[in-house]
Amino acid sequence: MTKKIFLSGLAGFVTYYLLGWLAYGILFTENTTGEESLIFIALGCLFHALIFAVLFTCWADITTFSSGLKVGAVLGLLYALSWYFFMLTGSFDLMYFLKEMVTNIVMSALTAGVVAYVGGKVS
């Protein structure tokens, strides 16, 4: 079980990190200052992927890309809503809100799909 968590979490980390680089490093660069710490970004990606790896391996037995994609989309939406409402401080920008929701859902869904797929292949 530890091997499955480690390998699926590692695959999810790489996926989430690369999707974040694509989304925030290339597509939506207006939200970055260029001074972000890559170590902390990598750690955030790692632990985000490990959440899926532990959930899918220990409790849910999710082992296919499509089931991981579905669960990842739901969890990505809930996580994004939770985080965004914590950060909301009095100004509400609907376009930013929608962009963040869609980005988070897609990134989490694809990451969870990869985690589930790799977890299903590791015995």
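Values quoted throughout were computed directly from the atomic coordinates according to the rules given, and no laboratory measurement underlies them. In this text the structure is predicted, and so the values were computed from the model without any measurement. Neighbour counts are summed over all protein chains in view; Cβ atoms, including those assigned to glycine, are modelled from backbone coordinates with ideal geometry.
Show me the ranking of peptides 93-100, 56-63, 40-47 by mean Cβ neighbours inside 10 Å, starting with the highest.
Highest-to-lowest ranking by the protection proxy: 56-63, 40-47, 93-100.
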**Prompt:** What is the dipole size for the chain, taken about its Cα centre, with +1 at each Lys and Arg Cβ and -1 at each Asp and Glu Cβ, in debye to the nearest 20?
**Reply:** 540
**Among 86, 112, 16 - extreme Cα towards positive end, dipole of the chain, charges at beta-carbon** = 112
**Item:** Length-normalised contact order of the chain in % [C-alpha pairs under 8 Å, at least 6 apart]
**Value:** 44
**Complete:** Binned at 5 Å starting from 0, the alpha-carbon pair-distance distribution of segment 2-121 in whole percents comes out as 2, 12, 21, 23, 19, 12, 7, 3, 1, 0
**Tilt relative to the chain, helix 65-87 - C-alpha long axis, 0 to 90 degrees, to 10** = 30
**Item:** Degrees, to the nearest 10: 2-20 long Cα axis against longest axis of the chain
**Value:** 30
**Request:** Sum -39500 (n - 2.57) across every DSSP H segment of at least 4 residues in the chain, then divide by the residue count to get the 222 nm mean residue ellipticity, nearest 500.
**Result:** -24500 deg cm²/dmol
**Message:** If each residue of separation counts as 0.36 nm, what is the full-extension length gain between residue 91 and residue 74 once their alpha-carbon separation is subtracted?
**Reply:** 3.5 nm
**Item:** Volume per residue of the C-alpha convex hull in segment 21-75, rounded to whole Å³
**Value:** 95
**Fill in**
Along the dipole axis of segment 1-115 (charges at Cβ: +1 for Lys and Arg, -1 for Asp and Glu; origin at the Cα centre), the most positive-end residue among 75, 98, 6 is 6
**Asked** Looking only at segment 102-123, which residues have a backbone nitrogen under 16 Å from a spot 7 Å from the Cα of residue 3 in the C-beta direction?
**Response** 118-123
**Prompt:** In straight Cα distance, which aspartates and glutamates are under 18 Å from residue 4, not counting same-chain residues fewer than 8 positions off?
**Reply:** 61
